[in-house]
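Read the structure below first, then the notes.
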Amino acid sequence: MTGIASAFRVLAATAATLLAVTAAAPVAQARPEPKAPEEFVALRAVDPTIIQEMRYPTAHNFMGVPVDGYRQSLCILTRPAARALHRAQTRLLKQGYSLKVYDCYRPQRAVDHFVRWAKDLDDESMKGEFYPRVDKTRLFADGYIAEKSGHSRGSTVDLTLVKLPAAPTAPYLPGRKQVPCYAPQADRFPDNSVDMGTGFDCFDTLSHTDDPRIQGTQRDNRQFLKKTLTDAGFVNLAEEWWHYTFKPELFPDTYFDFPVARRSVAGH
């Protein structure tokens, strides 16, 4: 009996020691996700008529995988930028057109994902569609990828025009045959937008808004979009016909990293 009692005393002491250590150890807590400042809003809350085809939460983009930080298919912008898009949309609807956004606010973690992908020279799974004439070693030098993006400041948007009534966009099927983004509109991915001469995110000089090789209806469409958005207070990036920034920016020097999700702007 003495031996059994002694064993129980050892077990009890060991258990007490373990409990004491556990109680003294700090409790690990998950770091809460950052939320958007009050000045940010979901575009649908300002104008639900603007078509949203957000590409980066999907695999249909130049990397071929959903991008870090895009939790939901949602356009988030600073409130002044969203209101300016609403003004442009109101004008366009009267002319039989609608805006369609591809990307809006972009978290820094998404930009970091772009950078990691660009440095992985073995990953060229989407080259045939998005950068068929660009050597991947040139993505940084040629300005297609950078470590910071104006999108992360919240007042920049990538968008196009759709003729109403809008036809449905065909679903993207991973593994489908890739067609260069500068191919004739009837051959490239069946987007329901007007013909801008290239698809969205086409890494090619043909994407420059005023490239002289873009003529006729394609040039007219680019200039129509540019004038409409310029009148609403946006400035175009000359190298990308789809890229516009509302001026003056609320956060000209801040690069945010809250996720693209409804909870980020809940209550705004």
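With the cut-off at under 16 Å, measuring from each backbone N in the range 116-149 to a point 7 Å along the Cα-to-Cβ line of D210 picks out no residue.
Between the amide H of D103 and those of D158, distances stay under 5 Å, these residues lying 5 or more places away or on another chain, with hydrogens modeled in the peptide plane.
Going from the fewest other Cβ atoms within 10 Å to the most, the residues D231, D195 appear in the order D231, D195.
Which of the DSSP-defined H helices in the chain satisfy a minimum axial length of 30 Å, computed from C-alpha atoms, and a minimum mean Kyte-Doolittle hydropathy of -1.0? Membrane-span-like by this criterion, though nothing is claimed about a membrane: 2-24. A straight Cα-to-Cα reach below 26 Å connects K177 with the lysines K100, K119, K127, K136, residues fewer than 8 places away in its own chain not being considered. Annotation: the residues R83, R106, sorted from fewest to most other C-beta atoms within 10 Å of their own C-beta, follow the order R83, R106. With 0.36 nm allotted per residue and the present C-alpha distance subtracted, the F140-Q95 stretch has 12.3 nm of extension available.
In this simple spin-label approximation, D187 and L164 carry label points 7 Å from Cα along the Cα→Cβ vector, and these lie 3.4 nm apart.
Electrostatic tally near T209: other residues with Cβ closer than 15 Å to its Cβ, Lys and Arg +1, Asp and Glu -1, net -4.
What the phi angles of the range 202-210 give under the Karplus curve with 6.51, -1.76 and 1.60, with θ = phi - 60°, is a coupling list of 7, 7, 6, 5, 5, 7, 4, 3, 10 Hz, glycine and proline written as x. The aspartates and glutamates within cross-link reach of K35, meaning a Cα-to-Cα straight distance under 20 Å and a gap of 8 or more places when in the same chain, are D68, D103, D112, E249, D253, D257.
All of the numbers you see were taken from the coordinates with simple rules; none came from a lab. Here the structure is a predicted model, which means the values were calculated and not measured. Heads up, the Cβs are rebuilt from the backbone with ideal geometry, glycines too, and the neighbour counts pull from every protein chain shown.
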